[in-house]
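Undergrad: Following this message is one structure expressed as structure tokens.
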């Protein structure tokens, strides 16, 4: 199936793709204020990529300084771990988890968990290349169940599948890790984008909802060393509807997910967020 092109934000939109190596983060010793280590650059890269640390705010990538400590504490607060500002074992483990590509911290407030809604609620989506690990019908079924879960929130949003030859709002596809839209190399499972006017990856619809089909194994259910399609689609479609990440571990919008795990129901935080976002007209 032909893949439509999407405009990249790498030069002009606010979300810059910074690469990091989780295996080097995991291998670090415990580090605190003033400590020096060559691979601290990977911690700084992580913090920059996910919105905790502004680029150019540190004087040296291999030293833990004031701005590093502040960013670490923001990260630790979001992940509900002790806010000690150190690169300890729990912090390193959290940074190495498989996760969504989008940022956790929107640059304004850790408590602001929404961007903005669509101006219309009858959303059209098209499918591109599906996962090679399951049959098309299994893959499509998992996607539809995830979309139905969001429709069941009662905010008036509907999803209609259309051929890729027609106009549509969201394009769902499995892609190589080095996605031209936005890299998913490493522990990143997937990425999406926020509604028009709030997007951080593409300049105009269709929004991407892309899965990494190169580095991760996809399944329908909970299996060892594999990831549930419905769980990930439910999370990423939350972004397409306007939700940011949530610091509530019970939320579908929590940034990380483990293999052999299913989370197919919305949490209280998710339902409240989507209803507040689309409150007008309810």
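Undergrad: Being under 13 Å from residue 47 (Cα atoms) and more than 16 Å from the chain's Cα centre (by Cα) is the filter; apply it to region 87-109 and report the residue that is surrounded by the fewest Cβ atoms within 10 Å (Cβ to Cβ). Please lay out each step first, then the result.
TA: If we filter region 87-109 for residues that are under 13 Å from residue 47 (Cα atoms), which is where we start, we get 87, 91-92, 94-96, 101-107.
Retained after the next criterion (residues that are more than 16 Å from the chain's Cα centre (by Cα)): 87, 91-92.
On the way: 87: 24, 91: 23, 92: 20.
Within region 87-109, the match that is surrounded by the fewest Cβ atoms within 10 Å (Cβ to Cβ) is 92.
Undergrad: Can you name the residue in region 157-203 that is closer than 14 Å to residue 17 by Cβ and without any contact (Cβ under 8 Å) to a residue 40 or more places away in the chain and, of all such residues, is surrounded by the fewest Cβ atoms within 10 Å (Cβ to Cβ)?
TA: 178
Undergrad: Does residue 62 satisfy being in contact with a strand residue (DSSP E or B) (Cβ under 6 Å, 6 or more places away or on another chain) and either touching a residue at least 12 places away in the same chain (Cβ under 8 Å) or on the phi < 0 side of the Ramachandran plot (or both)?
TA: On the way: in contact with a strand residue (DSSP E or B) (Cβ under 6 Å, 6 or more places away or on another chain): yes; either touching a residue at least 12 places away in the same chain (Cβ under 8 Å) or on the phi < 0 side of the Ramachandran plot (or both): yes.
Yes, satisfied.
Undergrad: Would you pick out the residues in region 197-210 that are farther than 17 Å from residue 166 by Cβ and out of contact with any strand residue (DSSP E or B) (no Cβ under 8 Å at 6 or more places or on another chain)?
TA: Of everything in region 197-210, those that are farther than 17 Å from residue 166 by Cβ and out of contact with any strand residue (DSSP E or B) (no Cβ under 8 Å at 6 or more places or on another chain) turn out to be 197, 198, 200, 203.
Undergrad: Could you say whether any residue in region 229-241 is over 17 Å from residue 102 (Cβ atoms) and either touching a helix residue (DSSP H, G or I) at 6+ places or on another chain (Cβ under 6 Å) or crowded, with 21+ Cβ neighbours inside 10 Å (or both)?
TA: Residues of region 229-241 over 17 Å from residue 102 (Cβ atoms): 229-230.
This time we only want the ones that are either touching a helix residue (DSSP H, G or I) at 6+ places or on another chain (Cβ under 6 Å) or crowded, with 21+ Cβ neighbours inside 10 Å (or both), so: 229-230.
Checking region 229-241: at least one residue is over 17 Å from residue 102 (Cβ atoms) and either touching a helix residue (DSSP H, G or I) at 6+ places or on another chain (Cβ under 6 Å) or crowded, with 21+ Cβ neighbours inside 10 Å (or both).
Undergrad: Could you pull out the residue among 226, 265 that is in contact with a strand residue (DSSP E or B) (Cβ under 8 Å, 6 or more places away or on another chain), surrounded by fewer than 19 Cβ atoms within 10 Å (Cβ to Cβ) and in contact (Cβ under 8 Å) with a residue 24 or more places away in the chain?
TA: Details: 265 fails: in contact with a strand residue (DSSP E or B) (Cβ under 8 Å, 6 or more places away or on another chain).
Matching residue, one of 226, 265: 226.
Each row is one residue, and each column tells you yes or no for (1) part of a loop (DSSP other than H, G, I, E, B); (2) more than 23 Å from residue 93 (Cα to Cα).
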{"position": "173", "(1), (2)": "no, yes"}
{"position": "177", "(1), (2)": "yes, no"}
{"position": "182", "(1), (2)": "yes, yes"}
{"position": "186", "(1), (2)": "yes, no"}
{"position": "196", "(1), (2)": "yes, yes"}
{"position": "205", "(1), (2)": "yes, yes"}
{"position": "209", "(1), (2)": "no, yes"}
{"position": "232", "(1), (2)": "no, no"}
{"position": "250", "(1), (2)": "yes, no"}
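Values quoted throughout were computed directly from the atomic coordinates according to the rules given, and no laboratory measurement underlies them. Since the model is a prediction, treat every value here as computed from it, not as a measurement. Note: ideal-geometry Cβ built from the backbone for every residue, glycine included; neighbour counts use all protein chains shown.
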